[in-house]
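Accompanying notes for the structure given below.
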Amino acid sequence: MKHGITLRFAHVLAAAAFGLMMFAPHVAPHHSTAEYDSSAMVEARGEVVSVLWRNPHVRFRISTAAIDGNDRVWELEGTDVTRLDRAGVPHDLVEVGDVVTFAGNPSTRNARRMYVTNLLLTDGREILLRGSARPRWASNRLVSTDPAVDPASSTPAANGGDGFIGKVLVPTRGPAPAWLSNPPLTVAAREGRAAYDAVTDDPVLGCVSPGMPRVMTRSGPYAIRFIRQGGDLVQQNEWFEIDRLIHMDGRAPPANQPYTPLGYSAGRWDSAALVITTTHIDWPYFQLYGLEGVPQSRAMRIVERFTPSDNSATVTYDISATDPATFTETVTYESYVTFRWDPTLEFLPYDCIEEEHQGQ
């Protein structure tokens, strides 16, 4: 789904060494990572019978019938393709017919489903599929897929003094605010959050293009970029290839402004910082890292602030939200993420496909 303008993004892989550690998990289109027990590990061995190398995460089906006699296949879900592409991992690293050993966090709802963290190939290479994963079998032959940003590439270059417009900005998560452990929710919002099932209720799990604030508070490594469109700005999101129009004319939304998932965003410059106020949002949930399933109303008002530093090589992102139906007071999350400019990167395409799993 596109908003504002439509562009074709170049698919350029960034070079990354195969010796770096891996990444955090990404939410699946049909199953959330909330389904998996991160405190438990399961290991098995079998033959790869199918591979789906598509966002929002890679998927494998593996048969163990020749080893343990069980005809029911294992369903493995891994990380997002964007991370793998950024790290230069080839799409044919795992192929149908390969015999692999695999380990990961088991599903709490299906006995033969897993979020895979380690994969041992027939040639002895071990793939680490999560940042917290530790080698299990081949510590001297690790395949890393962490798209780490080269600090040298993030320093201001010849065009570093023209602000952050046009720069590809990659996020790094910041520290959580104290209020997040006990958010100031209304009674109705607490009840709604308690009833929320992260495995089945999240619209994004079905490859539905997300609304605000999820567009900005999502998990994953996805870059953003601002470009000019006449007198306005367009905030391009690598995630779902969403283009978000930022009105810069200073006018309030018209009386007949429709409510949409992205809402109506009005921007202004406060010195070098870009401040965006978004209203008219029609999206069911307010989500921050560590705060999911909170219902939001059409009264939601979100204020974002992008503050550049280091000659615009770094941009700090603050967000605040006001909604009387959701919060008993305005909530503010300063330094939610820090965006860093990497001039070596271009946007990668985001092709999301939902696959129905067997054995539901």
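None of the figures in this text is laboratory data; all of them are computed from the coordinates on show. As the structure is a prediction and not an experimental result, all values here were calculated from the model. Here Cβ is always computed from backbone atoms with ideal geometry, including for glycine, and neighbour counts include all displayed protein chains.
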key: Segment GLU191-GLN229, length gained on full extension (0.36 nm per residue, minus Cα span)   = 9.5 nm
query = So what J values fall out for the stretch 233-245 if you push phi through Karplus, 6.51 cos²θ - 1.76 cosθ + 1.60 with θ = phi - 60°, rounded to Hz, Gly and Pro as x?
reply = 10, 10, 8, 8, 10, 5, 5, 6, 6, 8, 10, 10, 7
ask   = On full extension of the chain, what length is gained from ALA176 through THR322, given 0.36 nm per residue of separation minus the C-alpha to C-alpha distance?
value = 50.7 nm
ask   = Counting only residues 5 or more places away or on other chains, whose amide H sits under 5 Å from the amide H of GLY88 once H atoms are built in the peptide plane?
value = ALA14
task = With no solvent and one equal point scatterer per Cα, compute the Debye intensity ratio I(q)/I(0) for the stretch 63-121 at 0.15, 0.17, 0.29 Å⁻¹ and report its log10, rounded to two decimals.
result = -0.53, -0.67, -1.35
query = For HIS280, which sequence-distant residues (separation of 5 or more, or a different chain) have an amide H within less than 5 Å of its own amide H, given hydrogens modelled in the peptide plane?
reply = TYR264
query = Given the convex hull over the Cα atoms of the stretch 255-360, what projected area results after averaging over all orientations, in nm²?
reply = 10.7 nm²
ask   = How large is ³J(HN,Hα), in whole Hz, for each residue of the stretch 195-208 in order, when computed from phi with the Karplus curve 6.51 cos²θ - 1.76 cosθ + 1.60 and θ = phi - 60°, using x for Gly and Pro?
value = 7, 6, 10, 4, 7, 10, 9, 6, x, 5, 4, x, 6, 7
Relative frequency of Cα-Cα separations exceeding 12 Å in the stretch 202-256, percent = 70 percent
remark   = Log entry: pair-distance distribution for the stretch 313-355, C-alpha pairs binned every 5 Å from zero, whole % per bin is 5, 16, 12, 12, 13, 14, 16, 10, 2
query = Residues with amide H under 5 Å of ILE246's amide H, sequence separation 5 or more or different chain, H placed in the peptide plane at 1.01 Å from N; which?
reply = LEU233, VAL234, GLN235
key: Sequence ranges 272-285, 51-64, ranked by mean other-Cβ count within 10 angstrom, highest first   = 51-64, 272-285
query = Hey, what do the phi angles of the stretch 172-183 turn into as Karplus ³J(HN,Hα) couplings, whole Hz, using 6.51/-1.76/1.60 and θ = phi - 60°, x for Gly and Pro?
reply = 10, 5, x, x, 7, x, 4, 5, 5, 6, 8, x
